[in-house]
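Read-outs: derived from the displayed coordinates by stated rules, not from any lab. Predicted, not measured: the structure shown is a model, and the values here were computed from it. So basically every Cβ, Gly included, is an ideal-geometry build from the backbone, and we count neighbours across all protein chains shown.
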């Protein structure tokens, strides 16, 4: 059992290793190569340097680059290249001491505080707040006055002074990881805390830590050079980059070149650390980008040829053979055909886990990281958005295509009033003066039957029905042609549901807006929609006019859903229920996805994918035995 849990928690820890991909990016090679070159040059200074760092050549004082001195000489005739190489030993060592101290104090303290919580976390947070209030440079000068030339002590003190910033970042990241289920599973399995932290917490926070450490390393180099420039660093004749810059500044009127070598070396080192941090940040924060781009390129290269069907070509939204894939290559929607005409109300019906919401989000390119439409076509107003890419969808999102999510409160920012959030959308879509924006926002509230006083309220002051109306008003701000309503009445009571549906119906009639309603409620479908698509396990299993589906379902899954409605059961009879549950996409049957739960299933149903049949005009079904279903939900004899 412990081994199984170890495997489970190991799977949870793998996402934290995504930052390793940063070092495979071409953009990371340049800063890594430069820093490696600096370290190698400093370590091999006795071999590479043309002379010792304190050897003088008084015949060539302040000389420019030449055969004897590739980078010239300083005021005492010392070779600049040699002093750069030997100076790197001191400057890089000081930066390493600062980084080691910051990692030792900041990372360890932040991880322990975030993982343990409780009184230790509160005390640690208080100490961090106090340390953040202490001015770093002034305190460092005090330490210099006390310890004198002990540069190691000064660098350790610098590391301690700047570690609270990293500690706060690490603590926040650890608090989030501590709540993950795989960490709870590791605790339940009896793994010691040190093992959990080392194997499952640290890999998840490695990305943010590397970003912060890279920036701190560049800052440490800069501070070390500044101290040396002011005369507080290593004392002559020991070379440091900061001391070389100070000497060059004193003779810049006589030999400007002397400032170039140490300035370029130090500046590029700081830039390399910063660039390395940016690469890691991009790899950890937007790792979906490359995968999404590859999926779009693959779609461009190998999209299947589509067979035209005798369907209206004037559909506002049309999907043909669409396939939706999430990160890891997991297909969650396949062979999807769906049409929504201008001004039409269409329902997408099915149990939870069938892929309804994923379909709605795929239309808007709002899939989870790594998700994309990888086959088929997605056309809106004649343009194939799946081929056009994310930018084309972003231009349509919120203006021509809008979304109402399941949780209306989640669509509202808790720190801003309704007027502010509506006004922001109106200003983005239409522009205008402050007065015109406010008037348009109030008009939107009136359109959704809300009083103007609601504009001054915050989201927590709204009821569920009011929040849903505000969400509808926000969706209407861009005057969309298509509104995707994802379970818009799920969390509302029956009376408020009816009001919201009436409101959507009125807005559709007034604005000529098409609505794709994602729901599992057949009562809502029958009262609101003209056509419906029944979805099961990532496939459309039946589609047609709502009246036809209610009167004569042509798929056992549709029949099962309708049989569970209270209004269709005989008086005193128990409601029917479909046995089993929707399978995970990784375990879809090879043939009919509904076969394991279907009372009509035969071996041929599981042998191969089931083609779509059309038993009546406009009424399609993905069932080999649709003829056995007759009006009233009763089955014909075989």
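Take the Kirkwood radius over Cα pairs of region 531-633, plug it into Stokes-Einstein at 4 °C and 1.567 mPa s, and you get 92 µm²/s for translational diffusion.
Normalised by the number of residues in region 324-393, the average gap of Cα pairs under 8 Å and 6 or more apart makes the relative contact order 34 percent.
Modelled this way, with points 7 Å down the Cα-to-C-beta line, the labels at residue 61 and residue 457 are 8.4 nm from one another.
From Cα pairs below 8 angstrom and at least 6 apart in sequence, can you work out the relative contact order of region 531-633, rounded to a whole percent? Show your work: numbers first, answer last.
Numbers: 151 pairs, mean separation 35.0, N = 103.
About 34 percent, as a whole number.
The distance from the alpha carbon centre of region 474-510 to that of region 32-46 is 64 Å, rounded to a whole number. In this label model, residue 331 and residue 257 are separated by 6.7 nm, measuring between points 7 Å along each Cα→Cβ vector. Pairwise alpha-carbon distances in region 86-242 exceed 26 Å for 35% of all pairs. When each of 356, 628, 179 is scored by the number of other beta-carbon atoms lying within 10 Å, the sequence from fewest to most is 179, 628, 356.
Working from label points 7 Å from Cα in the Cα-to-Cβ sense, the residue 577 to residue 43 distance is 6.7 nm.
Quick one: go through region 436-458 and flag any residue whose amide nitrogen is under 14 Å from the point 7 Å out along the Cα-to-Cβ line of residue 424. Flagged as within label range: 458.
Quick one: check the C-alpha center-to-center distance for region 148-164 versus region 348-386, whole angstrom. If you average the Cα positions of each part, the centres end up 55 Å apart.
Estimate the FRET efficiency between residue 133 and residue 523 by the formula 1/(1 + (r/R0)^6), using the beta-carbon distance for r and 60 Å for R0, to the nearest 0.05.
Numbers: r = 60 Å, r/R0 = 1.01.
E(calc), rounded to 0.05, equals 0.50.
Once the C-beta distance of residue 195 and residue 391 is scaled by a Förster radius of 41 Å, the resulting FRET efficiency is 0.35 to the nearest 0.05. Pairwise Cα separations in region 82-141 fall into 10 Å bins from 0 onward with the following percentages, short to long: 19, 33, 27, 14, 6, 0.
With R₀ set to 56 Å, the beta-carbon distance separating residue 416 from residue 146 gives a calculated FRET efficiency near 0.65.
How would you rank 193, 94, 587, 200, going from fewest to most other Cβ atoms within 10 Å of each one's own Cβ?
Details: 193 13, 94 26, 587 9, 200 23.
So the residues, fewest neighbours to most, are 587, 193, 200, 94.
Its alpha carbons considered, region 348-422 gives a radius of gyration followed by a Dmax of 14.5, 42 Å. Multiplying the residue separation of residue 75 and residue 123 by 0.36 nm and removing their Cα-Cα distance gives an extension gain of 11.9 nm.
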